[in-house]
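*Asks:* This is the structure, below, for whatever I ask next.
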Amino acid sequence: MKEKITYSSIDEYIAACTPEVQEILQTLRQVIQESAPDAKEKISYQMPTFELHGNLVHFAAFKKHIGFYPAPSGIEAFKEEVKEYHKSKGTLQFPLDQPLPYDLISRIVKYRVASNIEKAEAKLKKKS
């Protein structure tokens, strides 16, 4: 049986990829950090994850694409723009042989930040 690889940080995850993919993932990470400056980095489901009042987005490298997971709400809000990348309920696939749509990714992340903050504030109001 093959030993399962576990990562303890996003740096470790990115370092395990090929140099070309590392470059893409570092840029993607930077775009997410700039779009969600208060988000914390972690590994969740063995994928790089950004969290702010819950998970914001995950991403992962595959043989032919980068998987980006902004939750179904993040896809639904941009459904026209993500049509060519949308593969399943909460997944966008960006082919490695094409430039990633960083502007679109940034807007999706900002949408997810606003959405998570709104949910967190609504929960606080219910408690008080």
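The values are calculated or read from the model by the stated rules, or taken from the named source; none is laboratory data. Model, not experiment: these values are computed from the prediction. Note that we place each Cβ from the backbone using ideal geometry, even for glycine, and neighbour counts take in every protein chain shown. Side chains included, ligands, DNA and RNA excluded: accessible areas come from the protein's heavy atoms. Shrake-Rupley method; radii C 1.70, N 1.55, O 1.52, S 1.80 Å.
*Asks:* Can you tell me the length gained on complete extension of the stretch Lys63 to Gln98, counting 0.36 nm per residue apart and subtracting the Cα distance? Display every interim value, and only then the final one.
*Replies:* Values: separation 35, 0.36 × 35 = 12.60 nm, distance 1.36 nm.
Gain on stretching Lys63 to Gln98: 11.2 nm.
*Asks:* Return a whole-number percent for the relative contact order of the chain, with Cα pairs under 8 Å and 6 or more residues apart as the contact set.
*Replies:* Working: 159 pairs, mean separation 27.5, N = 128.
So the answer I get is 21 percent.
*Asks:* First compute the accessible area of region 57-103 with a 1.4 Å probe, then give the percent of it belonging to carbon and sulfur atoms. Display every interim value, and only then the final one.
*Replies:* Values: 1410 of 2630 Å².
Using a 1.4 Å probe with all protein chains present, region 57-103 comes out at 54 percent carbon and sulfur.
*Asks:* Might you tell me the accessible area per residue for the chain, computed with a 1.4 Å probe and given in Å²? Don't skip to the answer; put the middle values down first.
*Replies:* Working: 8040 Å² over 128 residues.
That works out to 63 Å² per residue.
*Asks:* Next up: Mind ranking Thr91, Thr18, Thr6 by accessible surface for me, highest first, 1.4 Å probe?
*Replies:* Numbers: Thr91 20, Thr18 70, Thr6 90 Å².
Descending accessible area places them as Thr6, Thr18, Thr91.
*Asks:* Quickly work out the Ala16-to-Glu81 label distance, labels modelled 7 Å from Cα along the C-beta direction, and quote it in nm with one decimal.
*Replies:* That separation, rounded to one decimal, is 3.1 nm.
*Asks:* Moving on to the next point. Distance from a point 7 Å along Cα→Cβ of Ala114 to each backbone N in region 28-57: keep the residues under 16 Å and list them by number.
*Replies:* 35-37
*Asks:* If you don't mind, another one. Which of these, Leu28, Leu56, Leu96, has the largest mean-square fluctuation under a Gaussian network model of the chain (Cα springs below 10 Å)?
*Replies:* The residue that fluctuates most here is Leu96.
*Asks:* Grab the DSSP H runs of the chain that are 4 residues or longer, score each as -39,500 (n - 2.57), total them, divide by all residues and round the 222 nm result to the nearest 500 deg cm²/dmol. Provide the component values of the computation, followed by the final result.
*Replies:* On the way: 5 runs with 59 residues, N = 128.
Calculated at 222 nm, the ellipticity per residue is -14000 deg cm²/dmol.
*Asks:* Moving to a separate point now. What is the Cα centroid distance between region 65-109 and region 1-36, reported in whole angstrom?
*Replies:* First find each Cα centre; the distance between them is then 17 Å.
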